[in-house]
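J.: The structure under discussion is supplied below as C-alpha coordinates; questions concerning it will follow.
The values are calculated or read from the model by the stated rules, or taken from the named source; none is laboratory data. All figures in this text were calculated on a predicted structure; none of them were measured in a lab. No Cβ is skipped: glycine too gets one built from the backbone with ideal geometry, and neighbour counts run over all protein chains shown.
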Amino acid sequence: MDTSKQRTDQLKRQGTLHPNPEKVRTELVTKSPFFDANDLIQMKYEMLRSVSADQQPAAAAARTFGLSRVAYYHARSQYENHGLAGLLPRRRGPKHPHKLNPEVMAFVDAQLAASAGSPDWSLLSKQIKTRFETRVHPRSVERAIKRKKNPRQ
(Lines give C-alpha, C1' and ligand atoms only; values in the text may rest on other atoms or scores of the structure.)
Protein backbone atom coordinates (compact mmCIF):
# COMPACT_ATOMS: atom_id res chain seq x y z
CA MET A 1 0.00 0.00 0.00
CA ASP A 2 1.44 3.38 -0.96
CA THR A 3 1.99 6.12 1.61
CA SER A 4 -0.71 8.36 0.11
CA LYS A 5 -3.33 5.64 0.58
CA GLN A 6 -2.03 4.94 4.10
CA ARG A 7 -2.24 8.63 4.96
CA THR A 8 -5.80 8.88 3.60
CA ASP A 9 -6.84 5.79 5.57
CA GLN A 10 -5.27 7.24 8.72
CA LEU A 11 -7.11 10.54 8.28
CA LYS A 12 -10.38 8.67 7.74
CA ARG A 13 -9.89 6.64 10.95
CA GLN A 14 -9.15 9.84 12.89
CA GLY A 15 -12.19 11.61 11.48
CA THR A 16 -10.01 14.33 9.94
CA LEU A 17 -10.35 13.45 6.24
CA HIS A 18 -11.41 16.48 4.19
CA PRO A 19 -14.85 15.76 2.71
CA ASN A 20 -14.03 17.63 -0.53
CA PRO A 21 -10.26 17.61 -1.17
CA GLU A 22 -10.86 18.06 -4.89
CA LYS A 23 -12.31 21.53 -4.16
CA VAL A 24 -9.09 22.78 -2.52
CA ARG A 25 -7.66 25.47 -4.82
CA THR A 26 -4.48 26.64 -3.21
CA GLU A 27 -0.93 26.60 -4.52
CA LEU A 28 0.24 25.38 -1.12
CA VAL A 29 -0.92 21.88 -1.98
CA THR A 30 0.64 21.78 -5.42
CA LYS A 31 3.96 23.42 -4.50
CA SER A 32 4.77 21.63 -1.26
CA PRO A 33 4.54 17.95 -0.31
CA PHE A 34 3.97 19.07 3.29
CA PHE A 35 0.45 20.30 2.55
CA ASP A 36 -2.22 17.67 1.98
CA ALA A 37 -5.65 18.60 0.64
CA ASN A 38 -7.02 15.48 2.36
CA ASP A 39 -6.01 16.77 5.80
CA LEU A 40 -9.02 18.72 7.05
CA ILE A 41 -7.27 20.11 10.14
CA GLN A 42 -4.40 21.44 8.05
CA MET A 43 -6.78 23.02 5.54
CA LYS A 44 -8.86 24.63 8.31
CA TYR A 45 -5.74 26.10 9.92
CA GLU A 46 -4.43 27.43 6.61
CA MET A 47 -7.85 28.90 5.86
CA LEU A 48 -7.80 30.76 9.18
CA ARG A 49 -4.23 31.87 8.59
CA SER A 50 -5.01 33.16 5.10
CA VAL A 51 -7.74 35.41 6.50
CA SER A 52 -5.68 36.58 9.45
CA ALA A 53 -2.22 36.97 7.88
CA ASP A 54 -3.01 37.46 4.19
CA GLN A 55 -6.15 39.56 4.75
CA GLN A 56 -8.15 37.33 2.41
CA PRO A 57 -11.97 37.65 2.76
CA ALA A 58 -13.52 34.82 4.76
CA ALA A 59 -15.76 33.56 1.94
CA ALA A 60 -12.87 33.51 -0.54
CA ALA A 61 -10.60 31.72 1.91
CA ALA A 62 -13.27 29.13 2.60
CA ARG A 63 -13.71 28.47 -1.14
CA THR A 64 -9.94 28.26 -1.63
CA PHE A 65 -9.68 25.51 0.95
CA GLY A 66 -12.77 23.62 -0.20
CA LEU A 67 -14.92 24.61 2.76
CA SER A 68 -18.02 26.72 3.34
CA ARG A 69 -18.20 30.19 4.84
CA VAL A 70 -20.07 28.69 7.79
CA ALA A 71 -17.19 26.22 8.26
CA TYR A 72 -14.79 29.17 8.38
CA TYR A 73 -16.73 30.93 11.14
CA HIS A 74 -17.13 27.72 13.13
CA ALA A 75 -13.40 26.94 12.80
CA ARG A 76 -12.50 30.49 13.83
CA SER A 77 -14.72 30.29 16.91
CA GLN A 78 -13.32 26.89 17.90
CA TYR A 79 -9.74 28.11 17.35
CA GLU A 80 -10.32 31.26 19.41
CA ASN A 81 -11.88 29.28 22.26
CA HIS A 82 -9.70 26.18 22.29
CA GLY A 83 -6.60 26.87 20.22
CA LEU A 84 -5.37 24.35 17.68
CA ALA A 85 -7.16 21.53 19.55
CA GLY A 86 -10.45 23.28 18.71
CA LEU A 87 -9.97 22.31 15.07
CA LEU A 88 -9.99 18.61 15.93
CA PRO A 89 -13.28 16.76 15.47
CA ARG A 90 -15.37 16.34 18.60
CA ARG A 91 -17.70 13.55 19.47
CA ARG A 92 -21.26 14.73 19.09
CA GLY A 93 -24.06 14.07 21.52
CA PRO A 94 -23.86 13.21 25.21
CA LYS A 95 -20.34 12.67 26.54
CA HIS A 96 -21.34 10.33 29.34
CA PRO A 97 -24.24 8.01 30.20
CA HIS A 98 -26.55 10.76 31.49
CA LYS A 99 -29.55 8.47 31.94
CA LEU A 100 -27.60 6.15 34.19
CA ASN A 101 -27.30 8.55 37.11
CA PRO A 102 -26.22 7.37 40.60
CA GLU A 103 -29.81 6.59 41.64
CA VAL A 104 -30.38 4.36 38.60
CA MET A 105 -26.98 2.70 39.02
CA ALA A 106 -27.77 1.94 42.68
CA PHE A 107 -30.98 0.26 41.50
CA VAL A 108 -29.04 -1.69 38.86
CA ASP A 109 -26.50 -2.83 41.49
CA ALA A 110 -29.32 -3.99 43.78
CA GLN A 111 -30.97 -5.92 40.94
CA LEU A 112 -27.69 -7.55 39.96
CA ALA A 113 -26.99 -8.54 43.57
CA ALA A 114 -30.45 -10.11 43.86
CA SER A 115 -30.20 -12.04 40.59
CA ALA A 116 -28.35 -15.31 40.31
CA GLY A 117 -26.23 -16.19 37.30
CA SER A 118 -25.59 -13.96 34.32
CA PRO A 119 -27.63 -10.75 34.17
CA ASP A 120 -30.51 -10.33 31.73
CA TRP A 121 -29.71 -6.88 30.34
CA SER A 122 -33.00 -6.65 28.47
CA LEU A 123 -35.01 -7.37 31.62
CA LEU A 124 -32.90 -4.89 33.58
CA SER A 125 -33.55 -2.25 30.93
CA LYS A 126 -37.31 -2.87 31.22
CA GLN A 127 -37.13 -2.61 35.00
CA ILE A 128 -35.37 0.76 34.70
CA LYS A 129 -38.08 1.93 32.30
CA THR A 130 -40.82 0.87 34.75
CA ARG A 131 -39.18 2.27 37.87
CA PHE A 132 -37.63 5.51 36.56
CA GLU A 133 -39.64 6.15 33.36
CA THR A 134 -36.34 6.34 31.49
CA ARG A 135 -35.59 4.28 28.40
CA VAL A 136 -32.10 2.85 28.45
CA HIS A 137 -30.82 0.40 25.87
CA PRO A 138 -29.78 -2.96 27.37
CA ARG A 139 -26.30 -2.60 25.88
CA SER A 140 -25.89 0.78 27.62
CA VAL A 141 -26.63 -0.81 30.98
CA GLU A 142 -24.15 -3.59 30.25
CA ARG A 143 -21.42 -1.11 29.25
CA ALA A 144 -22.05 0.99 32.36
CA ILE A 145 -21.58 -2.04 34.60
CA LYS A 146 -18.38 -3.02 32.78
CA ARG A 147 -17.07 0.56 33.06
CA LYS A 148 -17.84 0.51 36.77
CA LYS A 149 -15.90 -2.74 37.22
CA ASN A 150 -12.98 -1.53 35.11
CA PRO A 151 -12.93 2.30 35.02
CA ARG A 152 -9.92 2.45 32.67
CA GLN A 153 -12.04 1.35 29.68
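J.: Name every residue in the range 1-26 that is part of a helix (DSSP H, G or I) and basic (Lys, Arg), in order of residue number. Working first, answer last.
T.: From the range 1-26, those part of a helix (DSSP H, G or I) are 3-14, 21-23; that's our starting set.
5, 7, 12, 13, 23, listed by residue number.
J.: May I ask you to list the residues in the range 113-137 that are in a loop (DSSP other than H, G, I, E, B), surrounded by 12 or more Cβ atoms within 10 Å (Cβ to Cβ) and out of contact with any helix residue (DSSP H, G or I) (no Cβ under 8 Å at 6 or more places or on another chain)?
T.: Matches in the range 113-137: 115, 120.
J.: Out of the residues in the range 86-112 that are without any contact (Cβ under 8 Å) to a residue 24 or more places away in the chain and surrounded by 10 or more Cβ atoms within 10 Å (Cβ to Cβ), which is nearest to residue 42 (Cα to Cα)?
T.: Step one: of the range 86-112, the residues without any contact (Cβ under 8 Å) to a residue 24 or more places away in the chain are 86, 90-96, 98, 101-102, 106, 109-111.
Retained after the next criterion (residues that are surrounded by 10 or more Cβ atoms within 10 Å (Cβ to Cβ)): 86, 90, 101, 106, 109-111.
Working: 86: 12, 90: 16, 101: 39, 106: 46, 109: 47, 110: 50, 111: 50 Å.
Filtering first and then ranking leaves 86.
J.: May I pose another question? With the checklist (1) touching a His at 6+ places or on another chain (Cβ under 9 Å); (2) of a type outside the set (Lys, Arg); (3) not in a helix (DSSP H, G or I) in hand, flag the one item residue 94 doesn't pass.
T.: The failed condition is (1).
J.: Okay, next question. I need a count of the residues in the range 27-68 that are over 15 Å from residue 79 (Cα atoms), hydroxyl-bearing (Ser, Thr, Tyr) and surrounded by 18 or more Cβ atoms within 10 Å (Cβ to Cβ).
T.: 1
J.: Among the residues of the range 49-67, are any at pLDDT 95 or above, in contact with a helix residue (DSSP H, G or I) (Cβ under 6 Å, 6 or more places away or on another chain) and in a strand (DSSP E or B)?
T.: Yes.
J.: A further question on this structure: May I ask you to say which residue of 115, 77, 32, 68 is in the same structural domain as residue 131 (by TED's automatic domain parsing), without any contact (Cβ under 8 Å) to a residue 12 or more places away in the chain and not aliphatic (A, V, I, L, M)? Break it down stepwise before answering.
T.: Values: 77 fails: in the same structural domain as residue 131 (by TED's automatic domain parsing); 32 fails: in the same structural domain as residue 131 (by TED's automatic domain parsing); 68 fails: in the same structural domain as residue 131 (by TED's automatic domain parsing).
Testing whether each residue is in the same structural domain as residue 131 (by TED's automatic domain parsing), without any contact (Cβ under 8 Å) to a residue 12 or more places away in the chain and not aliphatic (A, V, I, L, M) leaves just 115.
J.: Which numbered condition in (1) within 30 Å of residue 16 (Cα to Cα); (2) hydroxyl-bearing (Ser, Thr, Tyr); (3) not assigned by TED's automatic domain parsing to the domain that holds residue 17 is the only one that residue 130 fails?
T.: Going through (1) within 30 Å of residue 16 (Cα to Cα); (2) hydroxyl-bearing (Ser, Thr, Tyr); (3) not assigned by TED's automatic domain parsing to the domain that holds residue 17 one by one, residue 130 breaks only (1).
J.: Farther than 30 Å from residue 144 by Cα, in contact with a Ser or Thr (Cβ under 9 Å, 6 or more places away or on another chain) and of a type in the set (D, E, K, R): is that true of residue 25 in this structure? Steps first, answer last, please.
T.: Details: farther than 30 Å from residue 144 by Cα: yes; in contact with a Ser or Thr (Cβ under 9 Å, 6 or more places away or on another chain): yes; of a type in the set (D, E, K, R): yes.
Considered against the rule, which asks whether it is farther than 30 Å from residue 144 by Cα, in contact with a Ser or Thr (Cβ under 9 Å, 6 or more places away or on another chain) and of a type in the set (D, E, K, R), residue 25 comes out as yes.
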